[in-house]
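To start, the structure itself, in structure tokens.
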Amino acid sequence: KRILGIDYGRVRTGFAVSDLLGLTANGIGTFKASGDRVLIEHICELVKEHDISEIVIGNPINMDGSRGDSSSKVKYLAGLIEKDTGLPVILFDERCTTMLAHKILNATDTRGAKRKSVVDTLSAQIILQNYLDTKKYFLLMKEMENEGVRFMNVNSVDKKRRAPIISAITMIILMAAT
């Protein structure tokens with residue numbers, strides 16, 4: 001079974017699916033819907049066509065961690081999708097995915113109409129790949145904990161030492177993203 005990734009947009013919605021092993025995400029296109037009902041019908045078709053068992057939709061959380069109107073809209077839409085498909089729908093933080101998609105498109109010199117047509121698909125692929133990687137990471141951590149490996153809880157570190165640790169983690173993430 002595969003996982004469907006969704007980058008919801010008011011104009012276009014991008015889609016991606018995982019491989020059967022849940023290791024990689026592959027973009028499958030965008031869809032322009034004239035309303036939620038039409039979009040959900042399209043998602044139901046994709047679920048059948050690709051033998052989907054789980055759905056991940058990007059949650060547009062603000063950079064400061066707050067949730068605005070867009071996040072509320074996605075949460076509402078996720079509920080409708082879950083109801084119509086009968087599948088679990090996971091809201092997954094999509095901060096910086098569109099920015100990363102634009103960076104990738106700049107690096108590949110993708111411009112104009114082609115860029116507009118692929119940015120949402122690429123964003124969906126990034127959201128889904130991030131979800132798959134996070135899922136693998138947590139499974140690996142759980143397995144290591146079962147073998148007796150202990151991990152440092154950043155919150156248990158005093159505040160003076162916490163900032164450099166978080167900064168180092170952030171730098172590693174940023175370096176990996178570029």
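The values are calculated or read from the model by the stated rules, or taken from the named source; none is laboratory data. In this text the structure is predicted, and so the values were computed from the model without any measurement. We place every Cβ from the backbone using ideal geometry, glycine too, and count neighbours over all the protein chains shown. Surface accessibility is based on the protein's heavy atoms, side chains included, excluding ligands, DNA and RNA. Shrake-Rupley method; radii C 1.70, N 1.55, O 1.52, S 1.80 Å.
Listing for the model above:
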| read-out | value |
| --- | --- |
| Subset of the stretch 113-138 (residues that are farther than 18 Å from residue 31 by Cα and at pLDDT 75 or above) | 129, 130, 131, 132, 133, 134, 135, 136, 137 |
| Tabulated pairs, the stretch 82-98, first in contact (Cβ under 8 Å) with a residue 40 or more places away in the chain and of a type in the set (D, E, K, R), second assigned to a helix (DSSP H, G or I) and surrounded by 15 or more Cβ atoms within 10 Å (Cβ to Cβ), C-beta under 8 angstrom, 6+ apart or interchain | 84/40; 84/43; 84/44; 94/123; 94/127 |
| Single residue of the stretch 55-65 satisfying the filter (of a type in the set (A, V, I, L, M, F, W, C) and open to solvent by 10 Å² or more (accessible area, probe 1.4 Å)) that is nearest to residue 27 (Cα to Cα) | 61 |
| Selection status of residue 68, farther than 22 Å from residue 135 by Cα and open to solvent by less than 30 Å² (accessible area, probe 1.4 Å) | yes |
| Residue among 107, 25 that is more than 21 Å from residue 3 (Cα to Cα), out of contact with any Cys (no Cβ under 8 Å at 6 or more places or on another chain) and at pLDDT below 95 | 107 |
| Residue 45 vs. criteria closer than 18 Å to residue 13 by Cβ, touching a Lys or Arg at 6+ places or on another chain (Cβ under 8 Å) and without any contact (Cβ under 8 Å) to a residue 60 or more places away in the chain | no |
| Test result for residue 52, out of contact with any strand residue (DSSP E or B) (no Cβ under 7 Å at 6 or more places or on another chain), more than 15 Å from residue 127 (Cα to Cα) and open to solvent by less than 30 Å² (accessible area, probe 1.4 Å) | no |
| Given (1) surrounded by fewer than 17 Cβ atoms within 10 Å (Cβ to Cβ); (2) within 23 Å of residue 22 (Cβ to Cβ); (3) at pLDDT 90 or above, number of the condition residue 93 does not satisfy | (3) |
| The stretch 1-22, residues that are open to solvent by 50 Å² or more (accessible area, probe 1.4 Å), modelled with pLDDT under 95 and farther than 14 Å from residue 36 by Cα | 1, 20, 21 |
| Output for the stretch 5-35, where each listed residue is free of Cβ contacts under 8 Å to residues at least 60 places away in the same chain and either part of a strand (DSSP E or B) or not acidic (Asp, Glu) (or both) | 10, 11, 20, 21, 31, 32, 33, 34, 35 |
